[in-house]
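Asker: Before I ask anything, let me first share the structure, which is written out below as structure tokens.
The values are calculated or read from the model by the stated rules, or taken from the named source; none is laboratory data. Since the model is a prediction, treat every value here as computed from it, not as a measurement. Virtual Cβ from ideal backbone geometry, glycine too; neighbours counted across all protein chains shown.
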Amino acid sequence: MENPVVYLGTIGQGIWKSTDGGSTWNRQANGLFAEADIRAIAVRPDNPNILFAGTEKGLYRSDSAGQSWYQVDSPMNDHQIWSMAIDPSNPDTLYVGTCPSDLFKSDDNGENWHKLSVELADECAGGAIVPRVTTIKIDPDDVNTIYAGIEIDGFRHSTDGGKTWATINEGLSSLDIHGIAVIPGSPKTLVVATNNDVCITQDLKTWLPLSVKDHYPWPYARAADYIQSSVNDEGRLFIGAGNGPPGNQGGIFISSDNCKSWTPADLGHTVNSTIWNFAYRKSVPGWIMAYSISGQLFRSADNGDSWEKLDREFGEVRGLEIVPA
């Protein structure tokens, strides 16, 4: 298989594109405003020419695989966009999470948007940050089941495509939610990465903190993804962690037994900050990419068994997507 196309979102440097799996890069700035902050990127699974980018001035769209961009007029124009998710079975359906914390949905490929009715905090205790929806996950077995994590306001859950929501915070180590993963099985396991632990639930009522500081060098967890390269692959849970935001150390920790044990990934290089997120796609089997918030990129072509650091480094990285070449 050819190396995939990669899109990278940065703070202040806009969007970059690689057509060779991250070896070389070109900036994709046509139509974007100068020094755009890109915290989220989403690509239609059925048409990789259509991309959405979340900025501090709302939503931007490209219909030309990133060659040019235009702003989507929406209720999010005055919001920072922090997270996005596209329904894999109906790519006309999109979800967006913002700062200040709100959730929005489109049912027509991003042409029209409506704000979802979900109770979210307007401010955090102490006022240190403005709450934001850091992550949205669509359940792989039921696209009407949506999970959202809020920094700092906990976990939300919908079973009807976002019409109604439940708050599930009991037992969480912290309301500072950074990442969500769904491990299939009976029962299904939900995983959240928080600022001081990793927590799991199988009943969607109470969370169990895993005390990962007993297994990781650092308890600050930022990313959580269950990655299954094929239907025959049992899949593994990947956690991105570090010693704080942004921190000056980081790593990836992998579990193949439902969070009972952990193996640190050998990234082949010292990581300069917290591992912030992962990118993968079943249509690009075996490929996983990860980035540190301070600009390092790592890639694996064998489902996380081995890794290499890319030569190119950026400033602050916040978004990453891969698609087939």
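Asker: Between 85, 65, which is modelled with pLDDT of 95 or more, over 15 Å from the mean Cα position of the chain (by Cα) and not β-branched (Val, Ile, Thr)?
Answerer: Selected residue: 65, the only one of 85, 65 that is modelled with pLDDT of 95 or more, over 15 Å from the mean Cα position of the chain (by Cα) and not β-branched (Val, Ile, Thr).
Asker: Output the residue which, of all residues in region 252-283 that are touching a Leu at 6+ places or on another chain (Cβ under 7 Å) and not β-branched (Val, Ile, Thr), is farthest from residue 192 (Cα to Cα).
Answerer: In this case the residue turns out to be 279.
Asker: Residue by residue through region 179-225, note down the ones that are touching a helix residue (DSSP H, G or I) at 6+ places or on another chain (Cβ under 8 Å) and touching a residue at least 40 places away in the same chain (Cβ under 8 Å).
Answerer: Result: 198, 221.
Asker: Let me ask something else. How many residues are surrounded by fewer than 16 Cβ atoms within 10 Å (Cβ to Cβ) and either of a type in the set (Val, Ile, Thr) or under 18 Å from residue 152 (Cα atoms) (or both) when one looks only at region 170-195?
Answerer: 2
Asker: While we're here: I'd like to verify a number: residues in region 92-149 that are surrounded by fewer than 17 Cβ atoms within 10 Å (Cβ to Cβ), modelled with pLDDT of 95 or more, aliphatic (A, V, I, L, M) and more than 24 Å from residue 44 (Cα to Cα), how many?
Answerer: Result for region 92-149: 0.
Asker: For region 193-256, please list each of the strands (runs of 3 or more DSSP E) lying entirely inside it that holds at least 1 residues being touching a Lys or Arg at 6+ places or on another chain (Cβ under 8 Å) and on the phi < 0 side of the Ramachandran plot.
Answerer: 220-227, 236-242, 250-255
Asker: Exactly one condition in (1) more than 19 Å from residue 295 (Cβ to Cβ); (2) surrounded by fewer than 21 Cβ atoms within 10 Å (Cβ to Cβ) is false for residue 11; which is it?
Answerer: Result: residue 11 fails condition (1) only.
Asker: Output the number of residues of region 1-21 satisfying the condition of being in a loop (DSSP other than H, G, I, E, B) and farther than 12 Å from residue 39 by Cα.
Answerer: Adding up the residues that qualify gives 7.
Asker: While we're on this one: What number goes with the only condition from (1) part of a loop (DSSP other than H, G, I, E, B); (2) under 14 Å from residue 178 (Cβ atoms) that residue 277 does not pass?
Answerer: Here residue 277 clears every test but (1).
Asker: Can you list residue pairs whose Cβ atoms sit under 6 Å apart, with the first residue in region 19-30 being modelled with pLDDT under 95 and the second being in a loop (DSSP other than H, G, I, E, B) and surrounded by 13 or more Cβ atoms within 10 Å (Cβ to Cβ)? Count only pairs 6 or more apart in sequence or on different chains.
Answerer: Qualifying pairs under 6 Å: 29/14.
Listed here are the residues, each with its yes/no results for (1) on the phi > 0 side of the Ramachandran plot; (2) aliphatic (A, V, I, L, M); (3) out of contact with any Asp or Glu (no Cβ under 9 Å at 6 or more places or on another chain).
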residue: 108; (1), (2), (3): no, no, no
residue: 119; (1), (2), (3): no, no, yes
residue: 123; (1), (2), (3): no, no, yes
residue: 133; (1), (2), (3): no, yes, no
residue: 142; (1), (2), (3): no, no, yes
residue: 145; (1), (2), (3): no, no, no
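Asker: How many residues are surrounded by fewer than 24 Cβ atoms within 10 Å (Cβ to Cβ) and in a strand (DSSP E or B) when one looks only at region 63-82?
Answerer: The number of residues fulfilling the criteria is 4.
Asker: Look at region 82-110 and say how many of its residues are in contact (Cβ under 8 Å) with a residue 24 or more places away in the chain and out of contact with any strand residue (DSSP E or B) (no Cβ under 8 Å at 6 or more places or on another chain).
Answerer: 3
Asker: Under 8 Å between Cβ atoms, at least 6 apart or on separate chains: pull out the pairs that start in region 307-320 with a residue that is of a type in the set (Phe, Trp, Tyr) and end on any residue that is part of a loop (DSSP other than H, G, I, E, B).
Answerer: 307/265; 307/266; 307/267; 307/268; 314/13; 314/295
Asker: Sticking with this one: Are any residues in region 48-59 farther than 26 Å from residue 282 by Cβ and either touching a Leu at 6+ places or on another chain (Cβ under 7 Å) or part of a strand (DSSP E or B) (or both), and if so, which ones?
Answerer: Scanning region 48-59 gives 55, 58.
Asker: Please give the number of the condition residue 284 fails out of (1) assigned to a loop (DSSP other than H, G, I, E, B); (2) surrounded by fewer than 23 Cβ atoms within 10 Å (Cβ to Cβ).
Answerer: Only one criterion is unmet by residue 284, namely (2).
Asker: Might you let me know whether region 51-58 holds any residue that is more than 18 Å from residue 319 (Cα to Cα) and surrounded by fewer than 21 Cβ atoms within 10 Å (Cβ to Cβ)? Spell out how you get there, then give the answer.
Answerer: Residues of region 51-58 more than 18 Å from residue 319 (Cα to Cα): none.
No: zero hits.
Asker: Moving on. Test residue 117 against the stated conditions and say whether it is over 22 Å from residue 279 (Cα atoms), touching a Lys or Arg at 6+ places or on another chain (Cβ under 6 Å) and part of a loop (DSSP other than H, G, I, E, B).
Answerer: Spelling it out, it is not the case that residue 117 is over 22 Å from residue 279 (Cα atoms), touching a Lys or Arg at 6+ places or on another chain (Cβ under 6 Å) and part of a loop (DSSP other than H, G, I, E, B).
Asker: Now for a different question. Look through region 287-317, keep the residues that are among the charged types (D, E, K, R) and surrounded by fewer than 20 Cβ atoms within 10 Å (Cβ to Cβ), and return whichever of them is nearest to the chain's Cα centre (by Cα).
Answerer: Applying the filter and picking the extreme gives 316.
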